[in-house]
Amino acid sequence: MERLDSSDLSARCRRDFPALDRRRNGAPPVYLDNACTTLVPRSVIAAMNEYYTDYPACGGRRSHHWFAREVTARIEGDSEQGIPGARQKLADFIHAASPQQILFTANTTQAINLVALGLKFRTGDRVLVTDREHNSNLLPWLRLQKQGLIRLEAVPADGDDELDFAAMEEKLKGGSVRLVSLAWTSNVTGTTLSAAKIIALAHRYGVRVLLDGAQTVPRQTVDVQDLDVDFLAFSLHKMCGPRGIGVLYGKKDLLGRGIGEWEGGDEVLEPAILGGGTVSDSTFNSYQLLEAPERYESGILNYPGIIASGTAIEYLGSLGMDRIADHEERLNGRLTRALLERYGDLGWFRIFGPRDAGRRGGILTFEVQRPNAVGIATELNAGANIMIRDGTFCVHSYFNNRFGPGWTHPRSHRDHRMIYRVSFYLYNSIEDCDCFVETLDRVFRERGYL
């Protein structure tokens with residue numbers, strides 16, 4: 001495959017994103033908050049607008065008129081009209097065997113909750129997570145633990161910021177682990193775990209695996225069949241897609257088969273939310289569930305978002321996921337080197353995760369431990385339109401475990417610290433990195449840190 005350098009890829013892409021055309025104080029935005037949500041290209045916006053202007057109707061089995069057929073064709077595909085469906089595009093993107101394994105949700109959070117609420121856990125079951133989980137892959141399991149259904153256990157990282165496989169296997173040997181549910185890529189350190197190795201180890205002990213792919217699927221090629229993963233959750237808003245659309249992939253045997261009552265069984269995912277669109281028939285005594293994916297997609301769906309998600313996938317495919325990953329790593333490497341050269345030996349500046357930027361993908365999270373360390377993100381935004389994230393990134397448990405509860409309100413002024421995250425995507429440029437370094441340096445000097 002032809003390799004594009006960073007400037008080539010960003011120059012090719014930036015004109016596709018109308019938000020980057022904006023100006024404030026005569027300067028463009030420097031958007032470096034992509035781990036939170038990405039910008040949206042014109043083609044995706046056009047796909048959403050087309051729904052609302054041309055065929056703003058229900059899809060699926062509800063209606064069978066002209067508009068409804070157009071909606072359904074763009075979601076499920078229509079070979080006669082030559083229209084590829086969004087569901088098939090998503091299935092192809094992650095190399096699923098069938099589009100029926102793609103369940104549309106509101107986001108990664110909802111997808112994970114569908115698994116937590118749909119699997120039939122037994123008292124005494126254990127669920128394993130990492131020690132750096134987003135709240136979306138922590139709170140659903142904590143709720144089940146509070147209900148007395150499971151015991152939640154965290155597997156720590158080893159000295160190389162990889163999962164401690166020895167510790168994980170020791171827990172698996174106990175025989176009561178029901179599910180391993182892991183953030184594939186940490187939204188704090190950027191480290192991507194060895195998913196294939198994790199899945200193989202868990203399956204050796206008969207344990208299912210759910211991967212939170214929110215930070216992974218947007219940035220690398222994913223093959224669910226090759227991984228042999230049981231469930232995969234991710235969000236389109238982190239990959240140039242519309243807000244309010246997520247995906248839960250599941251193996252066929254975990255999603256149930258045939259139309260009828262839920263067949264039960266501990267290994268079949270029961271629909272967590274029932275209602276319109278999920279059944280073929282109902283009486284005052286019973287109901288007949290539709291096959292997957294419909295049995296899991298209740299109510300009127302976000303049709304424009306689903307349709308536009310297919311457009312987002314086509315856009316990413318036209319660029320190549322390997323190129324996107326390479327582009328992010330190059331930018332991360334450049335910024336990492338610049339920051340460490342300036343502040344790496346000062347004692348109060350530290351980058352989280354591996355020192356090698358290549359292992360942190362598109363994420364660079366750093367700590368500033370100085371008096372009045374808060375507010376730097378606000379000053380970057382005010383000074384040069386630089387947009388980054390500060391705080392705990394919905395990973396409170398990781399930071400509380402690391403620094404102790406109450407660390408955000410230290411007793412001593414000298415103990416102030418704040419965490420900041422820079423995250424790249426395909427439209428970011430070398431110039432964005434240089435602008436960030438120059439502006440951050442000015443902020444540090446104005447605060448008397450240097």
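The values are calculated or read from the model by the stated rules, or taken from the named source; none is laboratory data. Predicted model only: the values in this text are computed from it and were never measured. Here the Cβ positions follow ideal geometry from the backbone for every residue, glycine too, while neighbour counts run over all protein chains shown. Ligands, DNA and RNA are excluded from the accessible area calculation, which covers all protein heavy atoms including side chains. Shrake-Rupley method; radii C 1.70, N 1.55, O 1.52, S 1.80 Å.
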- Message: Let me confirm something: among 411, 421, which residue is basic (Lys, Arg), outside any helix (DSSP H, G or I) and touching a residue at least 60 places away in the same chain (Cβ under 8 Å)?
- Response: 421
- Task: Output the residues belonging to the range 46-75 that are under 13 Å from residue 301 (Cα atoms), open to solvent by 70 Å² or more (accessible area, probe 1.4 Å) and in a helix (DSSP H, G or I).
- Result: none
- Item | residue 246 vs. criteria of a type outside the set (Val, Ile, Thr), open to solvent by less than 10 Å² (accessible area, probe 1.4 Å), closer than 18 Å to residue 295 by Cβ and within 10 Å of the chain's Cα centre (by Cα) | yes
- Message: Give me the helices (runs of 4 or more DSSP H) completely within the range 135-205, filtered to those with at least 1 residues that are of a type in the set (Asp, Glu) and either under 28 Å from residue 352 (Cα atoms) or modelled with pLDDT of 95 or more (or both), ordered by residue number.
- Response: 165-172
- Note on the structure: When (1) open to solvent by 60 Å² or more (accessible area, probe 1.4 Å); (2) out of contact with any helix residue (DSSP H, G or I) (no Cβ under 8 Å at 6 or more places or on another chain) are applied to residue 298, the one that fails is (1)
- Task: Pairs only if they're at least six apart or on different chains, beta carbon under 6 angstrom, first in the range 281-306 and more than 30 Å from residue 45 (Cβ to Cβ), second charged (D, E, K, R) and open to solvent by less than 30 Å² (accessible area, probe 1.4 Å); list them, first residue then second.
- Result: 289/295
- Query: Hey, does the range 93-110 have a residue that's touching an Asp or Glu at 6+ places or on another chain (Cβ under 9 Å), open to solvent by 40 Å² or more (accessible area, probe 1.4 Å) and under 18 Å from residue 307 (Cα atoms)?
  - Reply: yes
- Task: For the range 362-379, enumerate the residues that are in a loop (DSSP other than H, G, I, E, B) and either more than 17 Å from residue 32 (Cα to Cα) or open to solvent by less than 20 Å² (accessible area, probe 1.4 Å) (or both).
- Result: 362, 369, 370, 371, 372, 373, 374
- Here are some conditions: (1) over 28 Å from residue 330 (Cα atoms); (2) in contact with an Asp or Glu (Cβ under 9 Å, 6 or more places away or on another chain); (3) at pLDDT below 95. Residue 446 meets all but one. Which one does it not meet? (3)
